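Notes follow once the structure below has been shown.
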């Protein structure tokens, strides 16, 4: 039975008026919220993060970069690398979302599982943004929990189709956060940064082999690390129809993957905080339904 009391984290500023033809689907966050409402998974279980600003992100990012970004002082080349047009609304959602991932993790520690209806901006680095990512919510949330002694160690389990290069680089020297990225090897970013564990997949990989790799890897990591929390980047760009994916994972395969990850964490008694990660589709409503899969699976646990 689906649990409508699963903690969900969302802020209305996650979606705003944005070019509907842009490759990044800014409407997907609001559409995801509405999809979950239609499914009956939203009742009195939604938590709203505080409005963000650059200050909290100074914990993990370069102060100069953050404030230049906030005030639209980055040079055009740096903005092109990010791939999104600057706006006040973009800054509001960019600096609020990491607080949402932190709140999701805090709720997961309290309730066992919690889902963020955003997050997974894993291409953001210490002093630059890349690939539609400006600040790194995963690096921030994990570091904040450790610094405030709410946890002693964490696992970031990144199943976005693209390698979590920013997360890997930013947490390279943090012994308390283990980064694992399972991604399509011959895909963006073309210059990879070494995670604690990287598994590069072949183009066109299908469900069976993919699920075996995910299951075996996570089971081993949970046993070896016994983390206080798992941050699960449930990117849906592994889907066979994704415009930026290059893998051949079915819709059912994604559902099985999410059930597997959440189920293993539950079996080991380890809290898990999910973020939605990447997904690209000209059909915006279909994309929202894809992102809803991880919440549906979490509600069944």
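All of the numbers you see were taken from the coordinates with simple rules; none came from a lab. Predicted model, so just to flag it, every value in this text is computed and none were measured. Methodologically, a virtual Cβ is constructed for each residue, glycine included, from the backbone with ideal geometry; neighbour enumeration extends over all protein chains shown.
Starting from the Cα of residue 211, step 7 Å toward the Cβ, then list every residue of the range 146-166 with an amide N under 20 Å from that point.
Only 158-161 fall inside the zone, counting backbone N under 20 Å.
Sorted by average packing, counted as other Cβ atoms within 10 angstrom per residue and highest first, what order do 180-187, 241-248 take?
Sorting 180-187, 241-248 by mean packing, highest first, produces 180-187, 241-248.
Between residue 266 and residue 22, what FRET efficiency follows from the Cβ-Cβ distance if R0 is 41 Å, with the result rounded to 0.05?
Once rounded, the FRET efficiency stands at 0.65.
Restricting things to alpha carbons, tell me how big the range 8-300 is in terms of Rg and Dmax, in Å.
Computed over the Cα atoms of the range 8-300, radius of gyration and Dmax are 17.2, 48 Å.
What Rg and what Dmax come out for the range 166-301 when only alpha-carbon atoms are used, in angstroms?
Rg, Dmax (Cα atoms, Å): 14.6, 41.
Cut-off 19 Å, label point 7 angstrom out along Cα-to-Cβ of residue 55: give me the residues of the range 71-109 whose amide nitrogen falls inside.
Only 71-72, 91-103 pass the distance filter.
Using alpha-carbon pairs under 8 Å, 6+ residues apart, how would you state the relative contact order of the range 141-264 in percent?
29 percent
What percent do you get for the relative contact order of the range 203-270 when only Cα pairs under 8 Å and 6+ apart count?
44 percent
I want the antiparallel fraction of DSSP beta bridges within the chain, as a percent rounded to 5.
About 5 percent, rounded to the nearest 5.
Once you've got the GNM for the chain with C-alpha springs shorter than 10 Å, pick whichever of 267, 192, 150 has the biggest mean-square fluctuation.
267
Exposure proxy check: 286, 257, 209, 191 ranked by fewest other beta carbons within 10 Å?
So the residues, fewest neighbours to most, are 191, 209, 286, 257.
The range 160-236 to the range 105-131: how many Å between their Cα centroids?
Centre-to-centre distance over Cα atoms comes out at 14 Å.
Ratio of the range 30-98's C-alpha Rg to 2.2 N^0.38 Å, to two decimals?
Cα Rg divided by the expected 2.2 N^0.38 Å: 1.42.
With a 10 Å Cβ neighbour count serving as the proxy for reagent exposure, in which order, fewest first, do 238, 177, 46, 25 appear?
Going from sparsest to densest Cβ surroundings: 46, 25, 177, 238.
May I ask you to sort 134, 26, 79 by Cβ crowding, counting other Cβ atoms within 10 Å and putting the fewest first?
Exposure proxy ranking, most exposed first: 79, 26, 134.
Would you work out the Kirkwood radius for the range 181-255? I mean one over the mean of 1/r across all pairs of different Cα atoms, in Å.
13.3 Å
Calculate the all-directions average of the projected area of the range 116-228's alpha-carbon convex hull, and give it in nm².
Projected over every direction and averaged, the Cα hull of the range 116-228 covers 7.4 nm².
Multiply the residue gap between residue 240 and residue 63 by 0.36 nm, knock off their C-alpha separation, and tell me the result in nm, one decimal place.
59.8 nm
Which stretch or stretches of the range 262-301 have amide N atoms under 19 Å from the point lying 7 Å from residue 43's Cα along the Cα→Cβ direction?
Under 19 Å, as judged by backbone N against the label point of residue 43, lie 295-301 of the range 262-301.
When the chain is treated as a GNM, springs tying every alpha-carbon pair under 10 Å, which of 61, 116, 71 comes out with the largest mean-square fluctuation?
Looking only at 61, 116, 71, the largest GNM fluctuation is found for 71.
At 222 nm, what helix-only mean residue ellipticity would the chain give, in deg cm²/dmol to the nearest 500, using -39500 (n - 2.57) for each DSSP H run of four or more?
Estimated from H runs of four or more residues: -13000 deg cm²/dmol.
Remind me, relative contact order of the range 8-300 in percent, using alpha carbon pairs under 8 angstrom and six or more residues apart?
20 percent
For the chain, with a Gaussian network of springs between Cα atoms less than 10 Å apart, report the residue from 154, 105, 215 with the top mean-square fluctuation.
Evaluated over the chain, the most mobile residue of the options is 215.
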